[in-house]
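Asks: One structure, pasted below without further comment.
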Amino acid sequence: MEKFAFERPFIKRLSSGMPSKFGMKTKIEPITVIDDNLVKDLINKYGSPVFVLSEKTIRKTFQGAKRAFTTRYPKVQFAWSYKTNYLDAVCRVFHQEGVWAEVVSGFEYEKAVRNNVSGDHIIFNGPDKSKDDLKKAILNDSPIHIDHFDELYCIIDIAEESDKIPKVAIRVNMDTGIYPQWDRFGFNYENGEAWDALNRIMLSGKLDLIGLHTHIGTFILSSDAYRQAAAKLADLAVGLERKYGHVVKYIDLGGGFASKSNLKGAYLPGTDTAPSFDEYADAITSSLINSQIKPENLPTLILETGRALIDDAGYLLGTVLANKRLADGRRSTILDIGVNILFTSFWYDHSIIPAQPFSEHTEETAIYGPLCMNIDVLREAIDFPPLIKGDHVVINRVGAYNMTQWMQFITMRPNVIIIDGNNKPFIIRNKESVETIISQEKIPPHLQ
Amino acid sequence: MVQDLNIFIPAKFKRKDMKLKKNIAVSESGFIFDPSTGESFSMNNIGTEIVEYLKQDKSFEEIKKSMLEKYEVDSTSFEKYYYDFINSLQQLKLIVDE
Ligand SMILES: Cc1ncc(COP(=O)(O)O)c(C=O)c1O
């Protein structure tokens, strides 16, 4: 006789009338399949934990974002923010979709070159560009977004020694009505510093000012902040045309669109609070079109959207290691997924979803990772069905920042898989082994 | 495992079988009402089945045997989850030590 599936027995007290602190119950469904691949099979084949990316979801999300902007504005160009997820396979999906690269270090720049992005399509941002980095970028005609005056003078120096004319933009920071204001990057709009920088560039006669850039922050839930940012950059563009007769080719509004993940402490889930691409696009494009920029001078709109393009495409699959009662009687479940590989659990209350059917009974549960550290908490308290050792879970919306900010701590980093458009899985980053880690180490003779 | 070894264990070292409080009401759907406190509880299917056995004063060994026959679970895992469940019942004061 076929036996029935076993579920850990449990009981919970029913509180009368009062809604629980989890608010209204929303029914969660197990995630048993990702793009036609059984979660169970993926774990059997690639191990647990394992990151899984859906190429279909990446392309679909990108096309949705692109449509939101191109239906409202004539010239739109996206640039993939490498730091968000710089696995080569991921970058190449975006590059195939016609997306440029946006990099913030010599390392990321090198990755973009190796991914066959042509130099003039690699936007070089950030405060950390060495003189050698800058020389290479200038040689390749890459747009350099200047962060501070030291960098500006360094570029002028390089330009004086060569016959190449550097293509530059300045990064501008500004008040857009949101807190915190990211004022440590670029030149300030309100106090006139941005104009200072623009004047020096124009008067140097050595640089080609091709654009204006801002990145107002990340996970910006207000589309109005973008309306203000676009208006302020448009104002600078108009001023440049009036004062110098100079027309910039593009206005770059950076990244920062919210994804649908749940921010810690937020009252409503991210699916309810994140503005849609249409809302952001409407705010930005109407602000540019309604500005004083002459129609014939309308600049290309560049977007460096990161997390909103990739978060939904990433999944982290894992396994229950154990269940425990805490001293106060609360249930805790320990997973093989720790904060070392799920860095975003410091900002997000991730959904943790069973990968097999479960009963509708749930219990307040703390979800921990496997590290011997008190900080290794994925969720302090979630309404969770009773899973048993060996059961699988899926954490969704993990595509952004985890596969770059993860750390090799106590355990090693797992396999990363991409499932292609035909639902075929491929390893795109091998799991680390002890050899991977110790190959970087050296033992001095007296310790051998 | 201890209970599989045919050795003599003095009664006082044996794990006691637990008795459910006499007057509590259990419904088939896993709803429990404790009239002495006015509190109610809900359980999943396996929990309900175990409580039914406890109501019939079945011993742990008997319960384990029936569950292992019916469900996809090994003896060690069952024992672990069983005692954890009993623990919860004790915390919720639905069980009395005999
Ligand atoms: C300059 C720049 N552009 C783009 C991004 C991508 O931001 P997001 O992932 O919030 O869209 C970042 C991230 O911090 C950034 O610093």
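Asks: For chain A, modelled as a Gaussian network with Cα springs under 10 Å, which listed residue fluctuates most, A:167, A:56, A:424?
Replies: Looking only at A:167, A:56, A:424, the biggest GNM fluctuation is shown by A:424.
Asks: Could I ask something else about it? Quick one: which residues, 5 or more positions from residue A:431 or on another chain, have an amide H under 5 Å from its amide H? H modelled 1.01 Å from N in the peptide plane, none for Pro or chain starts.
Replies: The list, which skips near neighbours in sequence, is A:415, A:416.
Asks: Test of the criteria: in region B:38-98, which trypsin sites (Lys or Arg not before Pro) are in a DSSP loop and have at most 13 other Cβ atoms within 10 angstrom of their Cβ? List each step's numbers first, then the result.
Replies: Values: sites: B:55, B:58, B:64, B:65, B:70, B:80, B:93; in loops: B:58, B:93.
In loop regions of region B:38-98 (DSSP not H, G, I, E or B), the sparsely surrounded trypsin sites (Lys or Arg not before Pro) are B:93.
Asks: Rounded to whole Hz and in sequence order, give me ³J(HN,Hα) for region A:288-305 from the Karplus expression 6.51 cos²θ - 1.76 cosθ + 1.60, θ = phi - 60°, writing x for Gly and Pro.
Replies: Along region A:288-305, the couplings run 6, 5, 7, 6, 7, 5, 5, x, 6, 9, 3, x, 5, 9, 9, 10, 10, 4 Hz.
Asks: To the nearest 10 Å², what's residue A:210's accessible area with a 1.4 Å probe?
Replies: 10 Å²
Asks: Region A:132-269: D in µm²/s via Stokes-Einstein (Kirkwood Rh, Cα pairs, 37 °C, 0.692 mPa s)? Kindly include the intermediate steps, with their values, before the conclusion.
Replies: On the way: Rh = 16.0 Å.
Here the translational diffusion coefficient equals 205 µm²/s.
Asks: Further, regarding this structure: Could you work out [θ]222 nm for the protein assembly as shown from helices alone, using -39500 (n - 2.57) per DSSP H run of at least four and dividing by all its residues? Round to the nearest 500 deg cm²/dmol. It would help to have the intermediate numbers written out before the result.
Replies: Numbers: 16 runs with 167 residues, N = 546.
-9000 deg cm²/dmol, from helical runs alone.
Asks: Shifting gears a bit: Between the alpha-carbon centers of region A:54-76 and region A:429-448, tell me the distance in whole angstrom.
Replies: Spelled out, the Cα-based centre of one part sits 43 Å from the other.
Asks: Once amide H atoms are placed 1.01 Å from N in the peptide plane, what residues at a sequence separation of 5 or more from residue A:378, or on another chain, have their amide H within under 5 Å of its amide H?
Replies: A:367, A:368, A:369
Asks: Let me ask something else. Roll a 1.4 Å probe over the protein heavy atoms and report the accessible area of residue A:107 in Å², nearest 10.
Replies: Accessible area, nearest 10 Å²: 110 Å².
Asks: Shifting gears a bit: Any chance you could check the Cα centroid distance between region A:389-416 and region A:236-281 for me, in angstrom?
Replies: Comparing the Cα centres of region A:389-416 and region A:236-281, I get a distance of 29 Å.
Asks: List the extent of the Cα atoms of the protein assembly as shown along each of their three principal axes, largest first, rounded to whole Å.
Replies: Extents along the principal axes: 97, 65, 44 Å.
Asks: What lysines sit close enough to residue B:21 to cross-link, taking a C-alpha to C-alpha distance under 27 Å and skipping anything fewer than 8 places away on the same chain?
Replies: Candidates past the 8-residue exclusion: A:12, A:324, B:12, B:55, B:58, B:64, B:65, B:70, B:80, B:93.
Asks: Here's a follow-up. What dipole magnitude, in Debye to the nearest 20, does the protein assembly as shown give about its Cα centre under +1 on Lys/Arg Cβ and -1 on Asp/Glu Cβ? Walk me through the numbers on the way to the answer.
Replies: Working: 65 positive and 73 negative charges, 164 e Å.
Using Cβ point charges on Lys, Arg, Asp and Glu, the protein assembly as shown gives about 780 debye.
Asks: Here's another thing I want to ask about it. In whole angstrom, note down how far apart the Cα centers of region B:48-92 and region A:171-235 are.
Replies: 66 Å
Asks: Please compute the contact order of chain A in relative form: average sequence separation of alpha-carbon pairs under 8 Å and at least six residues apart, divided by the residue count, as a percent.
Replies: Numbers: 875 pairs, mean separation 85.5, N = 448.
Averaging sequence separation for qualifying contacts and normalising by length gives 19 percent for chain A.
Asks: Report, in degrees rounded to the nearest 10, the 0 to 90 angle that the Cα long axis of helix A:193-204 makes with the longest principal axis of chain A.
Replies: With both axes taken from Cα atoms, the answer is about 50 degrees.
Asks: Shifting gears a bit: Which listed residue (A:276, A:305, A:4) has the Cα farthest towards the positive end of the charge dipole for the protein assembly as shown, taking +1 on Lys and Arg C-beta and -1 on Asp and Glu C-beta about the Cα centre?
Replies: Positive-end residue among those listed: A:4.
Asks: Under 10 Å, Cα contacts only: if you run a Gaussian network model on chain A, which one of A:416, A:39, A:113 comes out with the highest mean-square fluctuation?
Replies: A:113
Asks: Read phi for every residue in region B:35-47 and hand back ³J(HN,Hα) as whole Hz from Karplus 6.51 cos²θ - 1.76 cosθ + 1.60, θ = phi - 60°, with x for Gly and Pro.
Replies: 3J(HN,Hα) across region B:35-47, in whole Hz: x, 6, 10, x, 8, 10, 9, 10, 10, 7, 4, 5, x.
Asks: Now a separate question. Work out from phi, with θ = phi - 60° and the Karplus expression 6.51 cos²θ - 1.76 cosθ + 1.60, the ³J(HN,Hα) of each residue of region A:321-329, listed in order in whole Hz, and give x for Gly and Pro.
Replies: Coupling constants for region A:321-329: 8, 6, 10, 8, 9, 7, 4, 8, x Hz.
Asks: Could I ask something else about it? From the Cα gyration tensor of region A:47-131, with a ≥ b ≥ c the square roots of its eigenvalues, which class applies: rounded if a/c is under 1.5, or else prolate if a/b is larger than b/c, or else oblate? Can you show the working numbers first?
Replies: Values: a/c = 2.10, a/b = 1.07, b/c = 1.96.
Taking the square roots of the gyration eigenvalues as a ≥ b ≥ c, region A:47-131 is oblate.
Asks: What residue among A:390, A:314, A:256 has the largest mean-square fluctuation in a Gaussian network model of chain A, using Cα springs under 10 Å?
Replies: A:390
Asks: Could you list which residues have their amide H under 5 Å from that of residue B:39, counting only those 5 or more apart in sequence or on another chain, with H placed in the peptide plane?
Replies: Amide H neighbours of residue B:39, under 5 Å, 5+ apart: B:34.
Asks: Roughly what % antiparallel, to the nearest 5, for the DSSP beta bridges in the protein assembly as shown? Please list the in-between numbers first.
Replies: Values: 42 of 79 bridges.
Around 55 percent antiparallel, to the nearest 5.
The values are calculated or read from the model by the stated rules, or taken from the named source; none is laboratory data. Please read these numbers as outputs of a predicted model, since none were measured by experiment. Neighbour counts run over all protein chains shown; Cβ positions are idealised from the backbone, glycine included. Only protein heavy atoms, including side chains, enter the accessible area calculation; ligands, DNA and RNA are left aside. Shrake-Rupley method; radii C 1.70, N 1.55, O 1.52, S 1.80 Å.
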